[in-house]
Amino acid sequence: MNEEKIIEIVKSSSEGVDLNGLTSTTVFSDIGIDSLDMFTVILAIQDALGIEIPDSDVDKLNSVNAIVEYLTEKAA
Amino acid sequence: MLGIHSIAHYVPSSKIDNVVQAEKLGKGAEFITEKIGSTYLSIKHENEDTSDLAVKAVQSLLEKNRLSIDEIECICLCTQNPDNEGLPHTSAIVQSKLGSPKNCAAFDISLGCSGYVYGLAAITGFMEKARLKKGVLITVDPYSKIVDTEDPNTSLLFGDAATATLISEEYVFSLGRSLFCTDGARGGALEKKSAKLTMNGRQVFNFAATEVPKQIVQLLDEEGIDKSGIDKFILHQGSKYIVETLTKRLGLPAEKVPIKMETTGNTVSSSIPLILEDVLDYAEDKVVLISGFGVGLSWASMILHRL
């Protein structure tokens with residue numbers, strides 16, 4: 001899953017959050033994406049890829065880049 | 001045939017300011033209003049036990065319908081936070097406090113947020129078998145007994161309330177097709193440990209967001225109707241966020257999915273009847289789907305038809 005697709009998921013999962021400043025390195029919580037929005041983001045990624053992301057990995061998925069790197073590693 | 005005739009409730013007047021509480025736990029006001037959906041949480045008075053909340057809801061139901069307690073032949077009470085840890089069963093305590101005659105059947109069922117849907121099937125099935133004409137389904141689960149006020153995962157969500165539903169041969173809604181599911185293997189996501197409630201928010205969210213829409217779609221398929229054939233979808237009010245998530249995942253118009261938890265919080269098995277009580281008065285809502293989900297993990301959905 002590439003950066004563009006992740007950004008698309010984050011945008012569709014974070015209604016009401018101003019995402020104008022979102023870049024691949026933006027820390028989600030810094031722009032108001034909260035834990036519940038992240039539940040939706042991660043569920044959408046799981047659904048799209050048919051994978052299970054364990055609770056222990058969720059905290060480190062705090063930016064678009066972090067998610068891309070995590071998924072690349074997981075696929076390797 | 002039996003169905004839902006009337007619903008009444010008791011919501012304690014005592015409230016917790018959830019915004020103030022959230023700030024103490026490091027959460028902002030916007031999180032409470034936009035995501036949790038409850039600015040205030042209702043909380044029972046210190047001197048009230050579970051049975052007291054139930055008695056007040058039933059008294060309100062009797063008054064509303066000008067009924068005498070002598071006419072009630074069955075009490076089914078749904079709780080997981082009973083008086084005296086459940087022995088004797090709370091429905092028997094309620095029967096006594098109401099001054100109900102001894103020939104009144106009384107039993108408890110142990111379920112959380114799916115409890116109202118299960119309870120409707122349980123009490124009507126029991127009453128039909130026992131040939132009873134009037135009964136009351138009570139939902140009452142005061143989570144304030146087990147919520148850890150320092151735990152942001154749970155303390156911002158739950159409120160106390162009780163409801164009483166009159167089951168009678170003279171009904172407004174008949175009970176239609178239903179589906180009931182359980183996944184005990186994932187029960188650890190929401191459980192009591194050392195007398196306090198614990199919740200893995202992500203696991204509960206994933207469960208609700210994936211299983212509930214599947215069940216509702218299956219129920220509609222089995223009934224042979226489209227989503228547009230349902231006038232109201234009354235979903236358990238877990239949080240504003242989960243109700244909105246389910247609304248989106250099911251592709252429903254928001255106006256068909258009421259949200260009512262602003263001054264109560266998530267009242268567990270009472271959240272559906274608190275909304276259904278209002279819907280009973282709207283004659284244009286002819287076909288209603290109710291869906292409860294939570295502790296167990298357990299989820300249940302049912303279609304109701306107006307007479």
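Extents of the stretch B:146-211, taken as max minus min of Cα coordinates on every principal axis and listed largest first, are 46, 27, 20 Å.
Would chain B count as rounded, prolate or oblate if I go by the C-alpha gyration tensor, calling it rounded below 1.5 in a/c and otherwise prolate when a/b exceeds b/c, oblate otherwise? Since a/c reaches 1.5 but b/c is at least a/b, the shape of chain B is classed as oblate. Can you grab the distance from the C-alpha centre of the stretch B:33-48 to the C-alpha centre of the stretch B:259-304, Å, no decimals? Cα centres, the stretch B:33-48 to the stretch B:259-304: 18 Å. Charging the Cβ of each Asp and Glu at -1 and of each Lys and Arg at +1, and nothing else, the dipole of the protein assembly as shown about its Cα centre rounds to 960 debye. Split chain A at each of the GluC sites (Glu not before Pro) in a DSSP loop with at most 12 other beta carbon atoms within 10 Å, and the longest piece is A:16-51. Centre-to-centre, using Cα atoms only, the stretch B:122-154 and the stretch B:165-219 are separated by 13 Å. Annotation: the protein assembly as shown has a Kirkwood hydrodynamic radius of 21.7 angstrom, from the mean reciprocal C-alpha pair distance. Projecting the Cα atoms of B:L67, B:G28, B:T50 onto the dipole axis of the stretch B:24-72, where Lys and Arg carry +1 and Asp and Glu carry -1 at the beta carbon, places B:G28 farthest toward the positive end. Beyond 20 Å, the tail of the calculated P(r) for the stretch B:109-195 holds 49 percent of the Cα pairs. Global size of the stretch B:182-275: 14.4, 46 Å for Rg and Dmax (C-alpha atoms, Rg to one decimal, Dmax whole).
Report the semi-axes of the equivalent ellipsoid for the stretch B:105-252 in whole Å, largest first, where each axis is √(5λ) for an eigenvalue λ of the Cα gyration tensor. Let's see the in-between values first.
On the way: eigenvalues 150, 105, 37 Å².
Three semi-axes, in Å: 27, 23, 14.
Dipole magnitude for chain B: about 360 debye, using +1 per Lys or Arg Cβ and -1 per Asp or Glu Cβ, origin at the Cα centre. Checked against a 26 Å cut-off, the cross-linked pairs B:K64/B:K196; B:K56/B:K286; B:K56/B:K260; B:K15/B:K145; A:K60/B:K260; B:K102/B:K134 give Cα-Cα distances beyond that limit for B:K64/B:K196; B:K56/B:K286; A:K60/B:K260.
Value of Rg to Rh for chain A, rounded to two decimals, is 0.92; Kirkwood radius and Rg both from alpha-carbon coordinates.
Were the residues from B:D183 through B:S13 laid out at 0.36 nm apart, the gain over their Cα-Cα distance would be 57.6 nm. Dipole orientation for chain A: of the candidates A:A48, A:V27, A:S12, A:A48 has the Cα lying most toward the positive pole (charges on Cβ; Lys, Arg +1; Asp, Glu -1).
Of the residues B:P82, B:I16, B:L111, the one whose Cα sits farthest toward the positive end of the charge dipole of the stretch B:1-119, with +1 on the Cβ of Lys and Arg and -1 on the Cβ of Asp and Glu, is B:I16. Once the C-beta distance of B:K227 and B:E284 is scaled by a Förster radius of 22 Å, the resulting FRET efficiency is 0.80 to the nearest 0.05.
Looking at chain B only, what percent of DSSP beta bridges run antiparallel? Nearest 5 please.
Details: 39 of 54 bridges.
For chain B, the DSSP antiparallel bridge percentage is about 70.
Ranked by the mean number of other Cβ atoms within 10 Å of their residues, highest first, the peptides B:166-173, A:16-23 come out as B:166-173, A:16-23.
Scaled to the globular estimate 2.2 N^0.38 Å, the Cα spread of the stretch B:1-143, given as radius of gyration, is 1.19.
Taken together, the values in this text are just the output of simple stated rules run on the coordinates, not laboratory data. Model, not experiment: these values are computed from the prediction. Every residue, glycine as well, gets a Cβ built from its backbone with ideal geometry; the counts of neighbours run over all protein chains shown.
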